[in-house]
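Visitor: Following this message is one structure expressed as structure tokens.
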There are 4 protein chains.
Amino acid sequence: MEIGFLGLGIMGKAMSMNLLKHGFKVTVWNRTLSKCDELVEHGASVCETPAQVIKKCNITIAVLSDPSAALSVVFDKDGVLEQICEGKGYIDMSTVDAETSLKINQAITGKGGRFVEGPVSGSKKPAEDGQLIILAAGDKALFEESIPAFDVLGKKSFYLGEVGNGAKMKLVVNMVMGSMMNAFAEGLVLADKSGLSADTLLDVLDLGAMTNPMFKGKGPSMNKSSYPPAFPLKHQQKDMRLALALGDENAVSMPVAAAANEAFKKARSLGLGDLDFSAVIEAVRFSKED
Amino acid sequence: MEIGFLGLGIMGKAMSMNLLKHGFKVTVWNRTLSKCDELVEHGASVCETPAQVIKKCNITIAVLSDPSAALSVVFDKDGVLEQICEGKGYIDMSTVDAETSLKINQAITGKGGRFVEGPVSGSKKPAEDGQLIILAAGDKALFEESIPAFDVLGKKSFYLGEVGNGAKMKLVVNMVMGSMMNAFAEGLVLADKSGLSADTLLDVLDLGAMTNPMFKGKGPSMNKSSYPPAFPLKHQQKDMRLALALGDENAVSMPVAAAANEAFKKARSLGLGDLDFSAVIEAVRFSKED
Amino acid sequence: MEIGFLGLGIMGKAMSMNLLKHGFKVTVWNRTLSKCDELVEHGASVCETPAQVIKKCNITIAVLSDPSAALSVVFDKDGVLEQICEGKGYIDMSTVDAETSLKINQAITGKGGRFVEGPVSGSKKPAEDGQLIILAAGDKALFEESIPAFDVLGKKSFYLGEVGNGAKMKLVVNMVMGSMMNAFAEGLVLADKSGLSADTLLDVLDLGAMTNPMFKGKGPSMNKSSYPPAFPLKHQQKDMRLALALGDENAVSMPVAAAANEAFKKARSLGLGDLDFSAVIEAVRFSKED
Amino acid sequence: MEIGFLGLGIMGKAMSMNLLKHGFKVTVWNRTLSKCDELVEHGASVCETPAQVIKKCNITIAVLSDPSAALSVVFDKDGVLEQICEGKGYIDMSTVDAETSLKINQAITGKGGRFVEGPVSGSKKPAEDGQLIILAAGDKALFEESIPAFDVLGKKSFYLGEVGNGAKMKLVVNMVMGSMMNAFAEGLVLADKSGLSADTLLDVLDLGAMTNPMFKGKGPSMNKSSYPPAFPLKHQQKDMRLALALGDENAVSMPVAAAANEAFKKARSLGLGDLDFSAVIEAVRFSKED
């Protein structure tokens, strides 16, 4: 099976590599072309524009960093729209808002193409391990044809109905994650500043009803002020913003998510946007003595 | 081993029953004495006052509902202080603030008694199953003598140093829990109001890095608006308040916990205080259409 | 001086009426044309499309309800763009985000037209009394030519530089207003539920350093649960959202505004969106006993 | 008329000086006795303990910094209780919680004394100018006898009924103030970081419905990062905390006040507690570039 692949950031690179390893023919494109080199070493082909990838492949997957990149790859010169046509399938696995997904869907289907949105839950490690959760919506036939690829990329694929629902589900999940991370960060800092051991807190949490892989995975490094970026804080904050905007549309008041979002914004203003989102603990921890 | 036991609420009853089942001799007292009947059927003795329990037993455990009850059992007429003396040990496993613990410690040790505070993490089910986490602090010898009882009541006992640290650790844990519950509740409501399935959200969360027993255990019933009280909302809110007060003492700003606390207060004002703390979702969900 | 006027909502009607009363020739348009009748009785002319108004008048003022209405009047069929041309001036006094203003500016100036954004601070009463504060930015010559009209509509006009700055200043002002209103509402409810007189609180506030016309004007009716819409709650909430988005762009963390925004969203979910924004007190007040 | 006066902090000093200037005989006491010197130069007498002041004067006013100081002056050795007796009046004008007021009331009246709580609204400047607002409650006869003194200290005295209501009203007022200050601070920072002039924002606010002496008085210095302490931030934060506790008792959810309180706590952690409460803007402003 031949797959086009647009976007080789942290996630895209891990995902396209997985496809290669599982015997897919993969043709990649990235804005900075040099990022394609490692993939080529593992057998990928390269194209110089998104349009060329679409032309070459019947199914193309895109993993871009944000809504404006997702739109740009489709609508700009040499973009997806120039070559999309009847029969071709385009699967956007970027995390974007539903509005962006709907715009892309309209453009693709307007040219006769088929569209699935398929944002994923999971960051660098699950991407590398093929353990993502895929939140797909849109053209059901394309979804079903793509299952062999999805099975390589993730441990489970959900089909959620109409385009937009994948984006929305992803935002809801990431909003819960962002608020949980703040809850955790506040707890670790409170323990520490109250004369308790933040490492013992990790042990206590791990034994109780709240134990979860995120706390176990990130807690020890947070206690050491280390934040290697699995999921950059600025992207987490963007997702909080988009989830709050979804709440705004539907008149859902979410004061805890709103407070968490402001904490991530404070962290951005402290220059932590490119670190892992667990670095929000620095915004909680920050004080004059530090 | 003979153990006195003061307080037979949801937690106290399950814990004293466990001691009985594991062959401890248990002498119980409860403000409403009729609540002792079931324990008596299983072999417990009863005393009519806390003082009598202390007189009879070398080690007495108390599990009261809040700081004022914890103080009252010690300081009021017929209370613990009247009979505590050299050699006797008093273990308060109520969830109280550190100040309350310190007051009790001072009074007990002032009479020659030994004191351990040992608040627990875990609610009704872990209490019944002997799977609590015990956060002990204070007299180390008493802690060590009590390990046979602790081993029946919990799956792990931490010794955290000076009196107050158990109370503080418990508050930190419960604060994280209260914020997490709000994060979860906001996510479930946002999914539902955005046209997604809140049950599918549970499946998605369960597959990801945030999966945890609390979400798995409470999510399905929250989606059915059912809140059988394992941990009453008003007690959760009290713990949020006390944790925020601990943050106040140590100048730790915790905007997410503060927002969660206000949500629990709103839930109380909606008459949900006696339901399980997961009922906070009703405060998020509440709208005119409902 | 002849002025075109697009949009006859609460604000637009009061403003165009003022221009008429001060001797301006005014040509009006409104989506629901029947709303023009009262203006016609006072001497206004009517056109059937925005394009016709632009064609007829050298300077046209628009006061629309939100960004999408502001864009639609310019870009849709029969819209402003069809007739705007060199020499003609277009002044958008709607409250919109800077991005919307910039889009309109680009389109107008692209056709040779001149553009001033001029959002106002003040609601129904100041609009009727010609006591608005005008936050203008953009084409300086057009601003200066328009001063006779601005002097009728407002008590003070600021020229703030490049297009976008008027929108931004307006959002900042309304954000402060929305947070203040929540501070006030929480105070009134806390007084009442604590057994104090909320009317006495008004007297106390009125004597102190916080005394301001908004508290004096709205407090008594808020205490009577009366909310005649001077500035609809849903518009206030929209402005909070846009101001928070401006903060997002500039990495400014604003937890108090974020909490206020969520309170306005809760009020919307309670069906209060069309009442005055002071109705947010109902979201604070709401409890089971009510 | 002879008046005892306990506590010569910022407020107490200005108030006792006013009494002296208006012909009252004043006997002062302060924990650090040297602070009495300036009053003595203006004609005051000094006692070495609170008890001596009570013994000497029929009416004694206290202005202490917080609940623990207010309690200590009454209950400690050489305190008020040792000399209070039938006929003597004690007026506590400190800002304390209702519980503290009630405790003092019970002790004073238990010895036959009369008690009025009379917290004030207004800080250094109004205290110096005799322009405070007095929120009195308790013994009505004592209130009426004290009116000559109250008329010197304040521009208006409210009698609010039973002891505790003065404390509560004060907390409500200060809570509104603390939230308003945060609303203002966020607005000033947002203006500045968005490329607008924060000074122009002051002009715009001053012309609108939100204009108030606090914004006018503190805005210009906040824009210059100058915070001479009229009302120390740590005291403002304490009042927010106590007001939130009052809300807790009465199940009033106040998310905006809670967010403001956390901002003040962050400011405390940044070492700003002794500056004016307007210094909370530094917590909003703080970013890595600063």
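Visitor: If each of A:Lys25 and B:Phe75 carries a label point 7 Å out from its Cα toward its Cβ, how far apart are those two points in nm?
Guide: Taking the simple label geometry, A:Lys25 and B:Phe75 are separated by 8.2 nm.
Visitor: Which percentage, to the nearest 5, of the DSSP beta bridges contained in the protein assembly as shown is antiparallel?
Guide: Working: 20 of 116 bridges.
So the antiparallel bridges amount to about 15 percent of the total.
Visitor: If you don't mind, there's one more thing I want to ask. Quick one: dipole size for region C:2-162, taken about the Cα centre, charges +1 on Lys/Arg Cβ and -1 on Asp/Glu Cβ, in debye to the nearest 20. Before the final figure, lay out each step's value.
Guide: Values: 17 positive and 21 negative charges, 38 e Å.
With only Lys, Arg, Asp and Glu charged at Cβ, the dipole is about 180 debye.
Visitor: Same structure again: For region B:250-290 and region C:3-22, what is the separation of their C-alpha centers, rounded to whole Å?
Guide: About 45 Å separates the Cα centre of region B:250-290 from the one of region C:3-22.
Visitor: Okay, moving on. Quote the relative contact order of region A:153-290 in percent (integer), defining contacts as alpha-carbon pairs under 8 Å separated by 6+ residues.
Guide: On the way: 132 pairs, mean separation 44.3, N = 138.
So the answer I get is 32 percent.
Visitor: A further question on this structure: From the P(r) of region B:172-232, can you give the percent of Cα pairs sitting at distances over 17 Å?
Guide: Values: 673 of 1830 pairs.
Summing the P(r) tail past 17 Å for region B:172-232 gives 37 percent.
Visitor: For a quick check, take a GNM of chain A with Cα springs below 10 Å and name the residue from A:Met15, A:Met254, A:Met222 with the largest mean-square fluctuation.
Guide: Of the options given, A:Met254 has the highest mean-square fluctuation.
Visitor: Excluding C:Gly122 itself, calculate the net charge of residues whose Cβ lies under 12 Å from the Cβ of C:Gly122, where each Lys or Arg counts +1 and each Asp or Glu counts -1. Before the final figure, lay out each step's value.
Guide: On the way: positive: C:Lys124, C:Lys125, C:Lys155, C:Lys156, C:Lys170; negative: C:Glu128, C:Asp129.
Result for the neighbourhood of C:Gly122: +3.
Visitor: Quick one: which of B:Lys35/B:Lys265; D:Lys170/D:Lys224; C:Lys193/D:Lys170 span more than 18 angstrom between C-alpha atoms? Present the calculation step by step, with values, prior to reporting the outcome.
Guide: Working: B:Lys35/B:Lys265 30 Å; D:Lys170/D:Lys224 30 Å; C:Lys193/D:Lys170 15 Å.
Exceeds cut-off: B:Lys35/B:Lys265; D:Lys170/D:Lys224.
Visitor: Using a label point 7 angstrom from Cα along Cα-to-C-beta, what distances in nm, from shortest up, separate C:Gly195 from the other copies?
Guide: 3.6, 5.2, 5.6
Visitor: When only Cα pairs under 8 Å and 6 or more residues apart are kept, what is the percent relative contact order across region D:2-162? Provide the component values of the computation, followed by the final result.
Guide: Values: 348 pairs, mean separation 31.2, N = 161.
Normalised by residue count, the contact order of region D:2-162 is 19 percent.
Visitor: Give the Rg/Rh ratio for region A:168-285, taking Rg as the radius of gyration of the Cα atoms and Rh as the Kirkwood radius, to two decimals.
Guide: Numbers: Rg = 14.1 Å, Rh = 14.4 Å.
Looking at region A:168-285, the ratio lands at 0.98.
Visitor: Let me make sure I get this right: for chain D, a, b and c are the square roots of the gyration tensor eigenvalues over alpha carbons, sorted descending. Under 1.5 in a/c it's rounded, otherwise prolate if a/b > b/c, else oblate. Which is it?
Guide: Verdict is prolate for chain D.
Visitor: Might you report the magnitude of the Cβ-based charge dipole of region C:168-285 about its Cα centre, with Lys and Arg at +1 and Asp and Glu at -1, to the nearest 20 debye? Walk me through the intermediate numbers first.
Guide: Working: 13 positive and 12 negative charges, 60 e Å.
Dipole size: approximately 280 debye.
Visitor: Rounded to the nearest 0.05, what FRET efficiency is calculated for C:Thr211 and A:Glu99 with R0 set to 41 Å and r the Cβ-Cβ distance? Present the calculation step by step, with values, prior to reporting the outcome.
Guide: On the way: r = 44 Å, r/R0 = 1.07.
My answer for the efficiency is 0.40.
Visitor: Check cross-link reach from D:Lys125 to the lysines: straight Cα distance under 17 Å, and skip same-chain residues fewer than eight apart.
Guide: By straight Cα distance, D:Lys125 reaches D:Lys13, D:Lys21, D:Lys155, D:Lys156, D:Lys216, D:Lys218.
Visitor: Using Cα springs under 10 Å in a Gaussian network model of chain D, which residue among D:Gly43, D:Gly271, D:Gly122 shows the largest mean-square fluctuation?
Guide: Between D:Gly43, D:Gly271, D:Gly122, it is D:Gly271 that shows the largest mean-square fluctuation.
Visitor: Leaving out same-chain residues fewer than 8 places away, which aspartates and glutamates sit with a Cα under 16 Å from that of D:Lys238?
Guide: Result set, ordered by chain and number: B:Asp248, B:Glu249, D:Asp66, D:Asp97, D:Glu99, D:Asp248, D:Glu262, D:Asp274, D:Asp276.
Visitor: Moving on. Could you size up the charge dipole of chain B around its Cα centre, putting +1 on the beta carbon of Lys and Arg and -1 on that of Asp and Glu, and report it in debye to the nearest 20?
Guide: Working: 31 positive and 35 negative charges, 24 e Å.
Magnitude of the dipole: close to 120 debye.
Visitor: Then there is this: Nearest 10 degrees is fine. How inclined is helix C:233-249 to the longest principal axis of chain C, computing both from alpha carbons?
Guide: 80 degrees
Visitor: GNM, chain C, Cα, under 10 Å: largest mean-square fluctuation among C:Val80, C:Val204, C:Val172?
Guide: Maximum among the listed residues: C:Val204.
Visitor: How big is the gap, in Å, between the Cα center of region A:72-133 and the Cα center of region D:137-202?
Guide: 56 Å
Visitor: Another question, if that's okay. What are the distances, in nm and sorted shortest first, from the label point of A:Gly43 to the label points of the same position in each other copy, with each label point placed 7 Å from Cα along the Cα-to-Cβ direction?
Guide: 6.7, 8.4, 10.1
Visitor: Sticking with this structure for a sec: Taking a ≥ b ≥ c as the square roots of the eigenvalues of the Cα gyration tensor of region B:1-150, is the shape rounded (a/c under 1.5), prolate (a/b larger than b/c) or oblate? Can you show the working numbers first?
Guide: Details: a/c = 1.38, a/b = 1.20, b/c = 1.15.
Here region B:1-150 falls in the rounded category.
Visitor: What 222 nm value per residue comes from the helices of chain C, counting each DSSP H run with n ≥ 4 as -39,500 (n - 2.57) and dividing by all residues, nearest 500 deg cm²/dmol?
Guide: On the way: 14 runs with 153 residues, N = 290.
Theoretical 222 nm ellipticity from helices: -16000 deg cm²/dmol.
Visitor: If region D:107-190 were replaced by its equivalent ellipsoid, with semi-axes equal to the square roots of 5 times the Cα gyration tensor eigenvalues, what would those be, largest first, whole Å? Display every interim value, and only then the final one.
Guide: Values: eigenvalues 179, 49, 15 Å².
Taking √(5λ) for each eigenvalue gives 30, 16, 9 Å, largest first.
Visitor: Say a label goes 7 Å from Cα toward Cβ at D:Pro148 in every copy; what distances in nm does this one have to the rest, shortest first?
Guide: Copy-to-copy label distances for D:Pro148: 6.7, 7.7, 10.2 nm.
Visitor: I need to check one value: relative contact order of chain D, counting alpha carbon pairs closer than 8 Å and at least 6 residues apart, in percent.
Guide: Values: 535 pairs, mean separation 37.4, N = 290.
For chain D, the relative contact order is 13 percent.
Visitor: To continue, here is another question. Quick check: from the Cα gyration tensor, does the protein assembly as shown come out rounded (a/c under 1.5), prolate or oblate? Before the final figure, lay out each step's value.
Guide: Values: a/c = 2.32, a/b = 1.19, b/c = 1.95.
It comes out oblate by the Cα gyration axes.
None of the figures in this text is laboratory data; all of them are computed from the coordinates on show. Since the model is a prediction, treat every value here as computed from it, not as a measurement. For neighbour counting, all protein chains shown are included, and Cβ atoms are generated from backbone atoms with ideal geometry for every residue, glycine included.
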